[in-house]
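Below is one structure, written out as structure tokens, with a few remarks after it.
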Amino acid sequence: MKRTIFGTFAVLFMVVCFTVASMAAEPIKLGALYNLTGGMSSIDAPSLNGAKLQAKLINESGGLLGGRMLEVIGIDTKTDQKATATGAKKALSKGVVAGLGYGDTTFVMASAPLFQAKGIPFVTSGATHPELPKWVGNCMFMTPFGDDDQSFAIADFAYNKLKARNVVVWTDNSMDFTKALSKFFKQRFKELGGKVVLEDFFMMGDKDFSAQIARLKAASPKPDAVFISAIPNEAGLTVKQIREAGLSLAIVSGDGFDTELVSTVPGPKLANDVYFATHTYREDPRPEVVAFVKAYEKEYGRPPENAFAPLGYDAVGLIANAIKKAGTTEKVALRKALAATMGYKGVTGEISYTRPSGVPMKAVAIVGVKNGKYDLLETWVPEK
Amino acid sequence: MDGYIAQQLLNGLILGSMYALVAIGFTMIYGIIRLINFAHGDIVMIGAFMTLGLVISGKISFPVIIILVFIGGALMGILIERVAFRPMRGAPQVTGFITSLAISILLQNLGILLLTAQPRNFFCPDYLQTIYHLGPVSLRAIDLGIVVTAVVLMIFLVLLVRFTRLGMAMRATAENLNVARLMGININRTIMLAFAIGSGLAGVAGMMWGGKYGQIDPLLGFVPGLKAFVAAVIGGVGSIPGAMLGAYLLGFGEVLFVGLLPPIYSSYRDAFVFTTLIMILLVLPNGLLGGKTEDKA
């Protein structure tokens, strides 16, 4: 009995201490919305890890605004748009000063407008649709490049370096991101003088691509490459099944292919001749990149899974940078400071909001997969 | 072009066999206790992860793994039956249905907790990955394995139900649980064995699924579970050859829908599947091979 009373007091004492401590320096809350389960998880889970790592490093070096800690509240929205809206409301009700999240446009569109309505900034770590800032409003900020840039980059690469003239385009018809990626790819590839010989479609969650592959095999004129607009869940599956059907044409894609699944699912023997455009960081010697990779390995015991980990890290970095500049977490000042971001040295490249579209002008990396190994082949820089 | 059609038909056959492997276990359980077991797909998932674990853990040969996975799936089925379904024997049909949904969600979330939701790659021995080119068509050893396993298991099950004592007991239990009990049939044992065989098959199906697609995650059971349900309903729930037939119709239907229509319709294959289901149920409410069943609920 005595022990119970003692225990109760100990707990009470701890609660009191904790409350006092937190009153002294109230944490700065950031709502991090990510799909930690479901089809988007292999993109979104690393992003949240990156975001949490950035917050941890900032807190270890003394926090922001004179010792206030950054608190990243991670919310799993299950690759489900309804859960996404609920998650956004939950984050807002917790009094976050800014939101961040998602590696995909569809989910940003289900959450960011709710932040916009309250005038609270939302920074997407990995959604790449170039019209996001236009659709959502002035509280929407992008960490990555736009889909137009990455599609143009891989189209240029396919035409100039792979010498592809005839391509087949496969599109995941269930996502805004994949549809936009295909649109920009086709646009650029045709401008360059290439030809799209066949277009085919599938849905996120499809496992069996045998019917589409048979059609790809029968396509005429014979395609030199197939552009697959997919998210990671289908990336490895499509590569595996295309190669197993005995087709050896080049497979090109965007950052949805930036996942280890592209090499592990087909295995090193079949993961060949795959090229994708992605965020610059892989094999990059810049000091930000080296420091990030080292910190990530130390924290999680493995190298960053893909480019979405540094993007999550950069998203929190952007917000922290703006809070420092604004000197406050008040939403109007914070939004203005974010919009005025110039030359922020992120792991995934330098970020400045100079374009009228609000999309940062960032370099695009072209990564090639050979025998299951990823190599940085070239860096593409947008013209304007 | 003929090669194209041949390849698509082969694709349909392989996909249909994959569905059949899941559907025959599903329909077996339904046939005996009229339970629509939505957790069936999740046993497929467990089978896939069990295979992965066994492959990683050591040099166990693949045929031995098949047996181990069958036993593992069977034990899982027995456990579920004992814990969740036996206590509510005699309750209305809908109770069992809802319980099975609960088990399904439980297994999926347990999977996410223990294994994380990240998809992971599946290992498969090289000889199963060999690609054969037969004239204009190509297929892999694992595809052949799937087709053969599905057909062999179906024949085995039909024989089991028709010609063994256990099969007779199963049919009696299916016909009327209480009368079967009065006749001295140990219905608990019979139902448990039905669950064991059905779930064991689901485990093997999971192994094939992993081998075929090379990527598995804790939520993978949902789609095969649903497709097996559709296949079983099309074929006439409770009929093993019917489930097989339904699965093949579904496999061919899906592939030919994508393969023969203009590509723009490719993304609507699941819509096609469920529309077909509704149409068949409108014309033949008991499915293609389903006899008249008397609904006791």
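The values are calculated or read from the model by the stated rules, or taken from the named source; none is laboratory data. A quick note: this is a predicted structure, and the numbers were derived from the prediction, not measured. Don't worry about glycine lacking a Cβ; one is built from the backbone with ideal geometry, like all the others, and counts go over all protein chains shown.
A few notes on this one:
- The lone criterion from (1) under 24 Å from A:Arg165 (Cα atoms); (2) more than 14 Å from every other protein chain (Cβ to nearest Cβ); (3) touching a Gly at 6+ places or on another chain (Cβ under 9 Å); (4) buried (at least 24 other Cβ atoms within 10 Å of the Cβ) left unmet by A:Ser253 is number (3).
- When B:Phe257, B:Phe229 are screened for being buried (at least 17 other Cβ atoms within 10 Å of the Cβ) and facing chain A (nearest Cβ under 9 Å), only B:Phe257 passes.
- Positions within the range B:208-246 being in a helix (DSSP H, G or I) and β-branched (Val, Ile, Thr), in sequence order: B:Val223, B:Val230, B:Val233, B:Ile234, B:Ile240
- Cross-chain or 6+ apart pairs with Cβ under 8 Å, the range A:249-266 first and outside the structural domain of A:Thr128 (by TED's automatic domain parsing), then of a type in the set (Asp, Glu) and surrounded by 24 or more Cβ atoms within 10 Å (Cβ to Cβ): A:Gly254/A:Asp147
- Close contacts from the range A:30-48, counting a first residue that is under 28 Å from A:Leu64 (Cα atoms) and a second that is acidic (Asp, Glu) and buried (at least 24 other Cβ atoms within 10 Å of the Cβ), with Cβ to Cβ under 6 Å and a gap of 6+ residues or different chains, come to A:Tyr34/A:Asp44; A:Asn35/A:Asp44.
- Of the strands (runs of 3 or more DSSP E) lying entirely inside the range A:59-168, the ones with 1 or more residues being closer than 21 Å to A:Asp255 by Cα are found at A:98-101, A:122-124, A:140-142.
- In summary, B:Gly184 fulfils each of the numbered conditions (1) at positive phi; (2) surrounded by 14 or more Cβ atoms within 10 Å (Cβ to Cβ); (3) more than 14 Å from every other protein chain (Cβ to nearest Cβ) with the single exception of condition (2).
- Flag if B:Leu110 is modelled with pLDDT of 90 or more and within 19 Å of the chain's Cα centre (by Cα): no
- Subset tally (residues that are over 15 Å from A:Asp273 (Cα atoms), touching a helix residue (DSSP H, G or I) at 6+ places or on another chain (Cβ under 8 Å) and either among the β-branched types (Val, Ile, Thr) or within 12 Å of chain B (Cβ to nearest Cβ) (or both)) for the range A:191-228: 22
- Output for the range B:10-32, where each listed residue is surrounded by fewer than 22 Cβ atoms within 10 Å (Cβ to Cβ) and more than 10 Å from chain A (Cβ to nearest Cβ): B:Leu13
- Between A:Gly99, A:Gly103, the distinction of being of a type in the set (Gly, Ala, Ser), under 22 Å from A:Ala153 (Cβ atoms) and buried (at least 19 other Cβ atoms within 10 Å of the Cβ) belongs to A:Gly103 only.
- Sole residue being assigned to a loop (DSSP other than H, G, I, E, B) and either in contact with a Lys or Arg (Cβ under 9 Å, 6 or more places away or on another chain) or basic (Lys, Arg) (or both), chosen from A:Thr329, A:Thr354: A:Thr329
Condition check ((1) buried (at least 24 other Cβ atoms within 10 Å of the Cβ); (2) farther than 23 Å from A:Leu92 by Cβ) across all residues:
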position	(1), (2)
A:Lys118	no, no
A:Thr128	yes, yes
A:Val136	no, no
A:Phe145	yes, yes
A:Ser151	yes, yes
A:Asp156	no, yes
A:Leu162	no, yes
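- Across the range A:317-341, the number of residues qualifying as crowded, with 19+ Cβ neighbours inside 10 Å and among the small types (Gly, Ala, Ser) comes to 5.
- Residue in the range B:247-257 that is in contact with a strand residue (DSSP E or B) (Cβ under 6 Å, 6 or more places away or on another chain) and assigned to a helix (DSSP H, G or I) present: no
- Qualifying residue in the range B:22-33 (condition: over 17 Å from B:Gly203 (Cα atoms) and among the aliphatic types (A, V, I, L, M)): yes
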